[in-house]
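Each remark here refers to the structure printed beneath this line.
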Amino acid sequence: MSATSALALRARGPVGELNADLRRVLMARDGSTDTAVRTQVSEMIAEVRTRGDAALRDFAAQFDGVHLEVFDVARTEWTRALDALDPSLRRSLERAIKNITTVHTAFLPQATEVSPEPGILIGRRPDPLSRVGVYAPGGRAAYPSSLLMGAVPARVAGVGEVIVCSPPTATGLPSDVVLAAAELAGVDRVFALGGAGAVAAMALGTESVPRVDRIVGPGNAYVAEAKLQLVSHVTIDSPAGPSELLVIADASTSPDVIAREMIAQAEHDPQAAVIALTVGGVDVADAVYAALAEQVLVTPRASIVREALASRGAILTTDALSEAVAFAKEWAAEHLLLAVADDVRDNTLAALRHAGTIFVGESSSVAFGDYMTGANHVLPTAGLARCYSGLSTLDFFRWTTWQRVTPAAAASLSADVARFADAEGLPGHAAAARAWGDRVCAS
């Protein structure tokens, strides 16, 4: 059997000829969890609400196989982990921190004042949150990059306290690389807690874990579900699901590059969604398909990649770049790689709106954004790039609005405001407004 005949995709062919059912399958990436997950997470949240730390100890024993008396990881463990870190990896982490700091400092919001009329001054200022919780996934793999993407922007924003929750390993501690990243990022506390229990602890507070104002960071289906169920108690970055990639490419781009990018995102999760939309005929699409089939044969996580491609993978074609832009707007990808010729790239970039992050040019690999460019990799999925943005310093502020009205301006406003209030049946409001008109007239 040839490589190409062995590779299954959910869809292949002209994007304009997708039937309604297949189009619905490609668009439906809502990331919703099944009933069993929702029920278990709801029960775990209730346990944390009523039993606090005792529930967290039970969860650690049940899910992580460790018995913990204390969740708070001693600072000496952070420094030990950093001292033991491979020097080259430490330099990579430090480079990422430097770039994240530089980029997110440029995104800091500014206070604004405006005077709509003489005597009226309205101000709005960004106030950093008091305490933020960062979830750093563990389990089958450790993700120090996720810790940096949450903690460094929070520090740049001036958040009062940054805490991290990350699942314990068999040692009872989070992975050493996560602890080392915590030390480099300058977080305040690290807790050896994972899963829905960790999210519940940060949202509700327990005897050991302080309640936070916002929870950020990716996680598995249980973490994502817990964040959604607790949004009435704490703000979150955005609802999250499996990783996504849309590549818009033409004949100027190497098929091998497109295939590598598709594999890089597909290897995250069997439910990852990856689509290549090629512009300019079937030859480009066929070349991408052949490159993808060949590379899948040698990628270490081939079974995950194959499952993702078969369930949510596609190579589609179009003759018009405008049709590709229209599809991108509807699909609203987490990651969008724009790999088209130089003479159309800037205009196409300007036309694209709905994407967590747009990677411009074939050398702008999504992997660079995941780790090192300084942009954030915590991004909206499941089409929510229509209304959510990627994580930035803006997520670590709340805005305080203030108003100042002089007596003369109050008199000017009084009659109009009173008429509004009377029309809405609020006589107390009307009286409060009219009093200023009467007062100024009396004086």
Margin query: Here is a check on your reading of the model: is residue 205 small (Gly, Ala, Ser) and either out of contact with any Lys or Arg (no Cβ under 6 Å at 6 or more places or on another chain) or within 24 Å of residue 388 (Cβ to Cβ) (or both)?
Written below: no
Margin query: Looking at residue 414 and the list (1) modelled with pLDDT of 95 or more; (2) more than 22 Å from residue 278 (Cβ to Cβ); (3) among the hydroxyl-bearing types (Ser, Thr, Tyr); (4) within 44 Å of the chain's Cα centre (by Cα), which single condition is not satisfied?
Written below: (4)
Note to self: Any residue that is more than 20 Å from residue 17 (Cβ to Cβ) and over 21 Å from the mean Cα position of the chain (by Cα) - is there at least one of those in segment 278-286?
What the structure shows: no
Check: If you take just the helices (runs of 4 or more DSSP H) that sit entirely in segment 26-105, which of them hold at least 2 residues that are under 30 Å from residue 330 (Cα atoms) and in contact (Cβ under 8 Å) with a residue 60 or more places away in the chain?
Finding: 35-51
Item checked: Enumeration of residues in segment 177-219 that are more than 20 Å from residue 74 (Cβ to Cβ) and not hydrophobic (A, V, I, L, M, F, W, C) -> 195, 197, 205, 211, 213, 214, 217, 218, 219
Check: How many residues are over 25 Å from residue 87 (Cα atoms), among the small types (Gly, Ala, Ser) and open to solvent by less than 30 Å² (accessible area, probe 1.4 Å) when one looks only at segment 150-171?
Finding: 2
Next item on the list: Could you look through segment 241-277, keep only residues that are of a type in the set (S, T, N, Q) and more than 17 Å from residue 287 (Cα to Cα), and pick out the one that is most open to solvent (accessible area, probe 1.4 Å)?
Entry: 271
Next item on the list: Kindly check whether there is at least one residue in segment 94-115 that is surrounded by fewer than 17 Cβ atoms within 10 Å (Cβ to Cβ), in contact with a Lys or Arg (Cβ under 6 Å, 6 or more places away or on another chain) and at negative phi.
Entry: yes
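For every residue, the table says whether it meets (1) aliphatic (A, V, I, L, M); (2) within 17 Å of the chain's Cα centre (by Cα).
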site: 114; (1), (2): yes, no
site: 117; (1), (2): no, no
site: 122; (1), (2): yes, no
site: 152; (1), (2): yes, yes
site: 167; (1), (2): no, no
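The values are calculated or read from the model by the stated rules, or taken from the named source; none is laboratory data. As the structure is a computational prediction, the values presented were derived from the model and not from experiment. Cβ coordinates were reconstructed from backbone atoms using ideal geometry, including for glycine residues, and neighbour counts include every protein chain displayed. Only protein heavy atoms, including side chains, enter the accessible area calculation; ligands, DNA and RNA are left aside. Shrake-Rupley method; radii C 1.70, N 1.55, O 1.52, S 1.80 Å.
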